[in-house]
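Please read the structure below before turning to the comments.
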Amino acid sequence: MRTRICTFVLTLGSVCCLLISIPVTAKEWQGIVPLHSNRADVKKLLGKPLSEESSSFDSYDVAEGRVEIMYVREKCEQGLPANWGNWNVPPDTVVNISISLNKPIPLTKLGVPNIKRFEWYTDDSSTTYYHDKKEGIEYEVQDKKVTSITYGPTEKDSVLLCNKNAPLIRY
(Lines give C-alpha, C1' and ligand atoms only; values in the text may rest on other atoms or scores of the structure.)
Protein backbone atom coordinates (compact mmCIF):
# COMPACT_ATOMS: atom_id res chain seq x y z
CA MET A 1 0.00 0.00 0.00
CA ARG A 2 2.81 2.40 0.89
CA THR A 3 4.30 1.94 -2.60
CA ARG A 4 0.99 2.90 -4.21
CA ILE A 5 0.78 5.99 -2.00
CA CYS A 6 4.33 7.02 -2.96
CA THR A 7 3.47 6.56 -6.64
CA PHE A 8 0.42 8.76 -6.16
CA VAL A 9 2.48 11.46 -4.44
CA LEU A 10 5.00 11.55 -7.26
CA THR A 11 2.20 11.80 -9.81
CA LEU A 12 0.50 14.55 -7.85
CA GLY A 13 3.81 16.40 -7.66
CA SER A 14 4.35 16.36 -11.38
CA VAL A 15 0.76 17.22 -12.24
CA CYS A 16 0.20 19.88 -9.59
CA CYS A 17 3.71 21.20 -8.93
CA LEU A 18 3.49 19.79 -5.43
CA LEU A 19 6.13 21.02 -3.06
CA ILE A 20 7.84 17.78 -2.06
CA SER A 21 10.48 19.12 0.27
CA ILE A 22 8.67 17.38 3.14
CA PRO A 23 7.68 13.72 2.63
CA VAL A 24 4.00 12.94 2.17
CA THR A 25 2.33 9.66 3.11
CA ALA A 26 -1.29 8.61 3.37
CA LYS A 27 -1.59 9.71 6.97
CA GLU A 28 0.22 13.02 6.73
CA TRP A 29 0.52 15.95 4.39
CA GLN A 30 3.54 18.27 4.29
CA GLY A 31 4.58 16.94 7.72
CA ILE A 32 1.15 17.55 9.28
CA VAL A 33 -0.27 14.38 10.86
CA PRO A 34 -3.99 14.19 11.78
CA LEU A 35 -4.54 13.65 15.52
CA HIS A 36 -0.82 14.14 16.19
CA SER A 37 -0.01 17.67 14.92
CA ASN A 38 -1.51 20.84 16.34
CA ARG A 39 -2.29 24.38 15.16
CA ALA A 40 1.15 25.64 16.23
CA ASP A 41 2.82 22.91 14.12
CA VAL A 42 0.68 23.91 11.14
CA LYS A 43 1.55 27.60 11.49
CA LYS A 44 5.27 26.75 11.65
CA LEU A 45 4.97 24.87 8.36
CA LEU A 46 2.40 26.97 6.46
CA GLY A 47 2.48 30.39 8.14
CA LYS A 48 -0.50 32.58 8.88
CA PRO A 49 -3.86 31.23 7.65
CA LEU A 50 -6.03 33.24 5.26
CA SER A 51 -8.24 34.28 8.18
CA GLU A 52 -8.16 33.54 11.88
CA GLU A 53 -11.84 33.96 12.66
CA SER A 54 -12.74 30.27 13.09
CA SER A 55 -11.67 28.09 15.97
CA SER A 56 -12.36 24.91 13.99
CA PHE A 57 -10.77 25.56 10.59
CA ASP A 58 -7.80 27.30 9.01
CA SER A 59 -7.44 27.84 5.26
CA TYR A 60 -4.31 28.23 3.18
CA ASP A 61 -3.66 28.75 -0.51
CA VAL A 62 -0.77 26.60 -1.71
CA ALA A 63 0.55 25.71 -5.16
CA GLU A 64 -1.73 22.69 -5.57
CA GLY A 65 -4.91 24.37 -4.34
CA ARG A 66 -6.86 25.47 -1.27
CA VAL A 67 -6.07 23.63 1.96
CA GLU A 68 -8.62 23.46 4.78
CA ILE A 69 -7.39 22.16 8.12
CA MET A 70 -9.94 21.10 10.74
CA TYR A 71 -9.06 21.22 14.43
CA VAL A 72 -10.49 19.67 17.58
CA ARG A 73 -12.46 22.30 19.52
CA GLU A 74 -12.56 20.39 22.79
CA LYS A 75 -11.41 17.00 23.97
CA CYS A 76 -14.08 14.29 23.53
CA GLU A 77 -16.59 16.81 22.16
CA GLN A 78 -19.97 15.10 21.91
CA GLY A 79 -22.68 15.67 19.32
CA LEU A 80 -20.26 15.61 16.39
CA PRO A 81 -19.61 12.75 13.96
CA ALA A 82 -16.62 10.56 14.86
CA ASN A 83 -14.48 11.98 12.08
CA TRP A 84 -15.05 15.59 13.19
CA GLY A 85 -15.09 15.56 16.98
CA ASN A 86 -15.20 12.90 19.65
CA TRP A 87 -11.40 12.61 19.82
CA ASN A 88 -9.45 12.13 23.03
CA VAL A 89 -6.81 14.70 22.09
CA PRO A 90 -6.22 18.30 23.21
CA PRO A 91 -8.01 21.28 21.60
CA ASP A 92 -6.32 22.65 18.45
CA THR A 93 -5.15 19.18 17.39
CA VAL A 94 -5.50 18.59 13.63
CA VAL A 95 -8.47 16.34 12.76
CA ASN A 96 -8.06 16.36 8.98
CA ILE A 97 -6.47 18.14 6.05
CA SER A 98 -8.48 18.64 2.88
CA ILE A 99 -6.91 19.89 -0.36
CA SER A 100 -9.18 21.14 -3.15
CA LEU A 101 -6.96 20.75 -6.18
CA ASN A 102 -6.53 23.58 -8.69
CA LYS A 103 -5.86 21.01 -11.40
CA PRO A 104 -7.84 17.76 -11.08
CA ILE A 105 -5.87 14.53 -11.51
CA PRO A 106 -7.16 11.63 -13.63
CA LEU A 107 -8.29 8.86 -11.26
CA THR A 108 -6.13 6.37 -13.16
CA LYS A 109 -3.00 8.39 -12.21
CA LEU A 110 -3.47 7.49 -8.53
CA GLY A 111 -2.05 4.05 -9.23
CA VAL A 112 -4.32 2.44 -6.64
CA PRO A 113 -5.17 -1.07 -7.84
CA ASN A 114 -8.88 -1.89 -7.65
CA ILE A 115 -9.80 1.53 -6.27
CA LYS A 116 -13.46 0.49 -6.50
CA ARG A 117 -13.00 -1.39 -3.21
CA PHE A 118 -12.66 2.01 -1.49
CA GLU A 119 -15.83 3.47 -3.01
CA TRP A 120 -17.84 4.97 -0.15
CA TYR A 121 -20.76 6.76 -1.81
CA THR A 122 -21.85 8.98 -4.69
CA ASP A 123 -23.74 12.18 -3.92
CA ASP A 124 -26.48 14.00 -5.86
CA SER A 125 -23.91 15.92 -7.93
CA SER A 126 -22.43 12.62 -9.21
CA THR A 127 -19.32 13.12 -7.10
CA THR A 128 -17.93 9.79 -5.90
CA TYR A 129 -15.95 9.48 -2.68
CA TYR A 130 -13.30 6.80 -2.21
CA HIS A 131 -12.24 6.27 1.40
CA ASP A 132 -9.31 4.12 2.49
CA LYS A 133 -10.05 3.84 6.22
CA LYS A 134 -6.85 1.96 7.00
CA GLU A 135 -4.63 4.73 5.60
CA GLY A 136 -6.96 7.61 6.47
CA ILE A 137 -7.24 9.07 2.98
CA GLU A 138 -10.27 10.07 0.95
CA TYR A 139 -10.49 11.04 -2.71
CA GLU A 140 -13.31 13.14 -4.13
CA VAL A 141 -13.83 12.27 -7.81
CA GLN A 142 -15.89 14.01 -10.50
CA ASP A 143 -15.92 12.85 -14.12
CA LYS A 144 -13.12 10.34 -13.35
CA LYS A 145 -10.85 13.11 -12.02
CA VAL A 146 -9.69 13.61 -8.44
CA THR A 147 -10.77 17.10 -7.37
CA SER A 148 -10.03 16.89 -3.66
CA ILE A 149 -7.95 14.78 -1.27
CA THR A 150 -8.57 14.55 2.46
CA TYR A 151 -6.02 13.19 4.91
CA GLY A 152 -7.58 12.12 8.19
CA PRO A 153 -7.20 9.70 11.05
CA THR A 154 -6.04 6.21 10.18
CA GLU A 155 -7.63 2.98 11.33
CA LYS A 156 -4.95 2.78 14.04
CA ASP A 157 -6.10 6.16 15.39
CA SER A 158 -9.50 4.71 16.35
CA VAL A 159 -8.08 4.07 19.84
CA LEU A 160 -8.29 7.86 20.30
CA LEU A 161 -12.08 7.91 19.81
CA CYS A 162 -14.03 8.76 22.96
CA ASN A 163 -17.28 7.21 21.72
CA LYS A 164 -16.46 4.20 19.53
CA ASN A 165 -20.09 4.08 18.27
CA ALA A 166 -20.33 7.66 16.98
CA PRO A 167 -21.31 7.66 13.28
CA LEU A 168 -19.03 8.92 10.53
CA ILE A 169 -20.26 11.82 8.44
CA ARG A 170 -20.22 11.95 4.68
CA TYR A 171 -18.74 15.29 3.71
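The values are calculated or read from the model by the stated rules, or taken from the named source; none is laboratory data. Quick caveat, the model's predicted, so the values are computed rather than measured. Every residue, glycine among them, receives a Cβ derived from its backbone with ideal geometry; neighbour counts consider all protein chains shown. Note: areas computed on protein heavy atoms with side chains; ligands, DNA, RNA excluded. Shrake-Rupley method; radii C 1.70, N 1.55, O 1.52, S 1.80 Å.
Out of the residues in region 27-78 that are hydrophobic (A, V, I, L, M, F, W, C) and assigned to a loop (DSSP other than H, G, I, E, B), which is nearest to P90 (Cα to Cα)?
Filtering region 27-78 for residues hydrophobic (A, V, I, L, M, F, W, C) gives 29, 32-33, 35, 40, 42, 45-46, 50, 57, 62-63, 67, 69-70, 72, 76.
With assigned to a loop (DSSP other than H, G, I, E, B) added as a condition, the list becomes 33, 35, 50, 63, 72, 76.
Numbers: V33: 14, L35: 9, L50: 23, A63: 30, V72: 7, C76: 9 Å.
So the residue we want is V72.
Among the listed residues V72, V33, V42, which satisfies the condition of being among the aliphatic types (A, V, I, L, M), surrounded by 14 or more Cβ atoms within 10 Å (Cβ to Cβ) and touching a Pro at 6+ places or on another chain (Cβ under 7 Å)?
Values: V33 fails: touching a Pro at 6+ places or on another chain (Cβ under 7 Å); V42 fails: touching a Pro at 6+ places or on another chain (Cβ under 7 Å).
V72 is the lone residue from the list that is among the aliphatic types (A, V, I, L, M), surrounded by 14 or more Cβ atoms within 10 Å (Cβ to Cβ) and touching a Pro at 6+ places or on another chain (Cβ under 7 Å).
Which of the residues that make up region 45-69 are touching a residue at least 40 places away in the same chain (Cβ under 8 Å) and open to solvent by 20 Å² or more (accessible area, probe 1.4 Å)?
Those that are touching a residue at least 40 places away in the same chain (Cβ under 8 Å) and open to solvent by 20 Å² or more (accessible area, probe 1.4 Å): V62, A63.
Only residues that are closer than 12 Å to S98 by Cβ and out of contact with any Leu (no Cβ under 9 Å at 6 or more places or on another chain): list them for region 53-77, please.
F57, E68, M70
Just the residues that are open to solvent by 30 Å² or more (accessible area, probe 1.4 Å) and acidic (D, E), please, taken from region 75-100.
D92, the sole residue that qualifies.
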